[in-house]
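Written out below as structure tokens is the structure these notes cover.
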């Protein structure tokens, strides 16, 4: 539909809007009270404060504790630490540890127990097990044995 045709033949909603606009009073406009808008500006840390932040993190404080202590966002804490070469991600399961993690899982340990032992998240353990081809136990185990393959491709009958 062309622009000229659309504007020269308005439909019912447009006509209703025009009627409403014509019914408005032409007196003085209504005054709206001004509301004060408050914006929070990001706090800039001085180099000495960043040094203290790094030292406190290395002494064992968490990113969340540092964010509260310094009055900044946890992401900002992470960025400051990253600029100083500090990685705040949880440690990963190394290749050397993977065989032992698989063994623990096949022996019946829970993913949560293994994760706590290695200081990683449950998802980190689960993802590594799946990537290594380990068949996950069904929910509510112990149940029927699961036939699985070990790291070397040999079939093992895992009974829990």
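If you go through segment 89-115, how many residues are free of Cβ contacts under 8 Å to residues at least 24 places away in the same chain and either under 23 Å from residue 74 (Cβ atoms) or assigned by TED's automatic domain parsing to the domain that holds residue 57 (or both)?
2
Give 63, 134, 77 a once-over and let me know the one that is farther than 16 Å from residue 49 by Cα and in contact (Cβ under 8 Å) with a residue 24 or more places away in the chain.
134
Are any residues in segment 95-117 within 23 Å of the chain's Cα centre (by Cα) and loosely packed, with under 11 Cβ neighbours inside 10 Å, and if so, which ones?
Of everything in segment 95-117, nothing turns out to be within 23 Å of the chain's Cα centre (by Cα) and loosely packed, with under 11 Cβ neighbours inside 10 Å.
The values are calculated or read from the model by the stated rules, or taken from the named source; none is laboratory data. All figures in this text were calculated on a predicted structure; none of them were measured in a lab. Heads up, the Cβs are rebuilt from the backbone with ideal geometry, glycines too, and the neighbour counts pull from every protein chain shown.
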